[in-house]
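> Starting off with a structure, shown below.
Every read-out reported here was derived from the displayed coordinates using simple, explicitly stated rules and does not represent laboratory data. This structure is a prediction, so every number in the text was calculated from the model and none was measured. All Cβ positions, even for glycine, are placed from backbone atoms using ideal geometry, and neighbour counts span all protein chains on display.
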Amino acid sequence: MADITTDILIIGTGPAGSATAALLSTYGVENMVINRYRWLANTPRAHITNQRTMEVLRDLGQSVENEAYLFATEQDLMGENIFCESLAGEEIGRMKSWGNHPLSKAEHQLSSPCLMNDLPQTFMEPLLFKTACSRGTQARMSTEYLSHEQDKDGVTTTCLDRLTGKEITIRSRYLVGADGGNSKVAEQAGLPFEGQMGVGGSMNILFRADLSRFVAHRPSVLYWVMQPGADVGGIGMGLVRMVRPWNEWLIVWGYDINQPAPVVDAAFATGVARQLVGDPALEIELLSASTWTVNNMYATQMQAGRVFIMGDAAHRHPPSNGLGSNTSIQDGFNLAWKLAAVVKGQAGPGLLDSYSVERAPIAKQIVTRANQSIGEFGPIFEALGMTGGADIAKIKASMDARCDATPAAERQREALRQAIAFKKYEFDAHGVEMNQRYQSSSVVADGQMEPSFELDAELHYQPTTWPGARVPHAWLYDAEGRRQSTLDITGKGRFTLLTGIAGQAWATAADKVAKSMGIDLVAHVIGPRRALADLEGAWARAREVSDSGCVLVRPDHHIAWRAEELAANPAAELVRVLSAILDRDAAAHRNAAQ
Ligand SMILES: Cc1cc2nc3c(=O)[nH]c(=O)nc-3n(C[C@H](O)[C@H](O)[C@H](O)COP(=O)(O)OP(=O)(O)OC[C@H]3O[C@@H](n4cnc5c(N)ncnc54)[C@H](O)[C@@H]3O)c2cc1C
């Protein structure tokens, strides 16, 4: 007999674990989250918060989304990605980033009701954790996962209560390993990985100093300092990252991974800060210093029976593109509704198999992208002459040479311009953030080919209602002219059917099917003199089906299925599709066979 029982046990209160706990509690599912420490994030590691993540927070409730904006640095202050010799020294170039180029900003605004922002992990994690606890999650701090064993009915996890020094057992129906980049859960579950850990060494130096005079006129999250001899994460430069504008900063500075990690004391940290800021008299208030490694590894399978992994436990990569915490929270959004449906008896266990099928390719994609982004600094180094070894005089001469009035210098300037512009694949990769499409048993194909990307799929989000894609954002209006996004009327732990006036029969059928199958399914008929009208025509342009067709949206905003036009028997169609997605047929067969 275990000491504690719960439906879902989550290991880790980081962005992945806290988001999953918050979602499960919102869906009314009993869950417990544990953390081996007694604190939440104590350094501001993750910060870039993309629109897709904000949509998850919005789905948790307006108050959660609003609180994030309240503590975040707004998008307008994120945008001038600066390359310089030092903050006080010469600026080499810049590129507008994180949706701040006017063309990119338009794409951002057309794509989502939410805004990208910079929310340090020290704010995001408590927000998600508080949301979870206030909605019923049992949280146990100072509790360390040691091991687990699963059988056909559940999982028994052994933990160390670090307050008493005693071992406790927790029995759950499912176990979620959100225990970070050194995941013990993944290891114990024997999940397969590809790639390599520890490909570079980095240190974080967190400090307070008012640097407004160097930066306020060119607001940015990241200031890349190209200095001969400076080195960060194997990429050959120092990074000064804004944590709070403009008086709290994080310097990221590399060290040789083949050597022992350096001891970063106040004198060392002050020296690094003075060098990168370019002010030999700078005084800093050192808040903390830590070391971490650059990893290049992802799980090819994120599920072993009743055990799932998510977040850094499954994808381990450098901070480039700011994808870590974002993807971790989005993993939770994918898994939580599936766990809820199974625990509530609305779906068979087969639904859970789609988690790994859908998210493992994303893990591979983002680990590959983040590591590729590091390599893509290469052309900048080349253009500045920083690739031929650490001969400081030679590098200085090459950097000076770009200012000459010679054809060679002109070529050098052009190469540098192109190299900086190319960094949009790291600093403005809207497609990487928003184009995730799933193919699995919890998506039912409609016989149409996947629409090919007309623009670069990494740079540009391309909306589609092709099953597996995220529902496109369009503003809809109620009778008083108040607007709601398609993202607002979908999600919230339930399936949603969207149709036009000619598709009223779909909505009627959806109500019946929801009752007969005992599932959470709502329908919206969109059109004039209905509860929601498509006054701008944005939904009609985005939906890719006729007015009598329908789009069925999963609780995580992804399209489950769509129909071009009204079916002869809409209820039968919905039962067919939902049974396939929710593993209901299979469950019935299994029950009958027992
Ligand atoms: C310098 C830097 C900058 C970054 N910038 C960004 C960014 O801009 N955007 C972005 O999205 N990401 C960024 N990241 C990455 C981001 O911090 C991680 O991807 C994110 O924290 C992963 O969340 P997680 O919940 O999976 O794991 P973690 O945050 O690592 O949380 C793991 C949790 O598990 C707990 N735990 C571990 N082992 C046990 C155990 N045995 N028992 C009990 N509890 C355990 C831990 O205490 C912790 O609560 C950055 C990272 C760094 C280092």
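> Residue separation times 0.36 nm, minus the C-alpha to C-alpha distance between ALA531 and GLN484: what's the value? Before the final figure, lay out each step's value.
Numbers: separation 47, 0.36 × 47 = 16.92 nm, distance 1.12 nm.
Difference between extended and current length: 15.8 nm.
> Let me have the 222 nm mean residue ellipticity of the chain computed from DSSP H runs of 4+ only, each contributing -39500 (n - 2.57), with the sum over all residues rounded to the nearest 500.
Numbers: 20 runs with 211 residues, N = 594.
It comes out at -10500 deg cm²/dmol, rounded to the nearest 500.
> What's the extension gain from ASP511 to GLU30 if we count 0.36 nm per residue and subtract their Cα-Cα distance?
The ASP511-GLU30 span can extend by a further 170.4 nm.
> Using the Cα atoms of segment 490-559, I'd like the radius of gyration and the largest Cα-Cα distance, Dmax, both in angstrom.
In Å, with Rg to one decimal and Dmax whole: 11.8, 36.
> May I ask for the Kirkwood hydrodynamic radius of segment 437-593, worked out over all distinct Cα pairs and given in angstroms to one decimal? Could the numbers behind the result be given before it?
Values: mean 1/r = 0.0624 Å⁻¹.
In segment 437-593 this quantity evaluates to 16.0 Å.
> Also: Scan the chain and report its longest stretch carrying no trypsin sites (Lys or Arg not before Pro) that are both in a DSSP loop and have at most 12 other Cβ atoms within 10 Å. Could the numbers behind the result be given before it?
Working: sites that count: ARG38, LYS152, ARG482, ARG529.
Result for the longest clean stretch: 153-481.
> What is the ratio of the Cα radius of gyration of segment 378-495 to 2.2 N^0.38 Å, where N is its residue count, to two decimals? Present the calculation step by step, with values, prior to reporting the outcome.
On the way: Rg = 23.7 Å, N = 118, 2.2 N^0.38 = 13.5 Å.
Here the answer is 1.76, to two decimals.
> Counting Lys and Arg as +1 and Asp and Glu as -1, each charge on the Cβ, what is the dipole of segment 378-422 about the Cα centre in debye, to the nearest 20? List each step's numbers first, then the result.
Values: 6 positive and 6 negative charges, 12 e Å.
In debye, rounded to 20, segment 378-422 gives about 60.
> Here's another thing I want to ask about it. Would you mind checking LYS152/LYS338; LYS130/LYS492; LYS338/LYS423; LYS152/LYS492; LYS423/LYS492 for any pair whose Cα atoms are more than 25 angstrom apart? Walk me through the intermediate numbers first.
On the way: LYS152/LYS338 19 Å; LYS130/LYS492 18 Å; LYS338/LYS423 37 Å; LYS152/LYS492 30 Å; LYS423/LYS492 36 Å.
Over 25 Å apart, Cα to Cα: LYS338/LYS423; LYS152/LYS492; LYS423/LYS492.
> Given an 8 Å cut-off on Cα distances and at least 6 residues of separation, report the relative contact order of the chain as a percent.
Details: 1323 pairs, mean separation 83.6, N = 594.
In percent, rounded to a whole number, it is 14.
> Which order results if TYR145, TYR174, TYR37, TYR255 are arranged by neighbouring Cβ count within 10 Å, fewest first? Walk me through the numbers before you get to the answer.
Details: TYR145 23, TYR174 26, TYR37 13, TYR255 20.
In increasing order of surrounding Cβ atoms, one gets TYR37, TYR255, TYR145, TYR174.
> Which order do THR368, THR6 fall in if you start with the one that has the fewest other Cβ atoms within 10 Å?
On the way: THR368 15, THR6 19.
The order, fewest Cβ neighbours first, is THR368, THR6.
> While we're looking at this one, here's another question. Could you give the size of the charge dipole of segment 26-157 about its Cα centre, using +1 on the Cβ of each K and R and -1 on the Cβ of each D and E, expressed in debye and rounded to the nearest 20? Before the final figure, lay out the partial values.
Details: 12 positive and 18 negative charges, 61 e Å.
The dipole magnitude comes to about 300 debye.
> Compute the distance in nm between two label points, each set 7 Å from the Cα along the Cα-to-Cβ direction, one at ALA445 and one at ASN42.
Inter-label distance under the simple model: 5.2 nm.
> Let me ask you something else. Each residue of segment 191-199 in order: what ³J(HN,Hα) in whole Hz does its phi give by Karplus 6.51 cos²θ - 1.76 cosθ + 1.60, θ = phi - 60°, with x for Gly and Pro?
Taking θ as phi minus 60°, the curve returns 6, x, 10, 10, x, 9, 8, x, 7 Hz for segment 191-199.
> Hey, any idea what Rg/Rh is for segment 378-422, computing Rh the Kirkwood way over Cα pairs?
Rg/Rh: 0.97.
> Taking the simple approach of a point 7 Å from Cα along Cα-to-Cβ for both ARG274 and ILE392, what is their distance in nm?
Inter-label distance under the simple model: 1.4 nm.
> Now a separate question. Kindly write out, for segment 452-464 in residue order, the coupling ³J(HN,Hα) from the Karplus curve 6.51 cos²θ - 1.76 cosθ + 1.60 (θ = phi - 60°), rounded to whole Hz, with x marking Gly and Pro.
6, 6, 7, 10, 4, 5, 7, 9, 10, 6, 10, x, 7
> Could I ask something else about it? What are the ³J(HN,Hα) values, in whole Hz, obtained from phi via the Karplus relation 6.51 cos²θ - 1.76 cosθ + 1.60 with θ = phi - 60°, for each residue of segment 12-24 in sequence order, with x given for Gly and Pro?
x, 10, x, x, 5, x, 5, 5, 5, 4, 4, 5, 4
> What does the charge dipole of the chain about its Cα centre add up to, to the nearest 20 debye, if the Cβ of each Lys and Arg holds +1 and the Cβ of each Asp and Glu holds -1?
960
> Right, next: From the gyration tensor of the Cα coordinates in the chain, what semi-axes in whole Å does the equivalent ellipsoid have, largest first, with each one equal to sqrt(5λ)? Before the final figure, lay out each step's value.
On the way: eigenvalues 376, 184, 81 Å².
Calculated on Cα positions only, the semi-axes equal 43, 30, 20 Å.
> Exposed loop sites here are GluC sites (Glu not before Pro) in DSSP loop states with at most 14 other C-beta atoms within 10 Å. What is the longest stretch of the chain lacking them? It would help to have the intermediate numbers written out before the result.
Values: sites that count: GLU90, GLU283, GLU454, GLU480, GLU536, GLU564, GLU565.
No qualifying site falls inside 91-282, the longest such stretch.
> Which far-off residues, 5 or more places away or on another chain, put their amide H under 5 Å from the one on THR291, with H placed in the peptide plane?
ASN204
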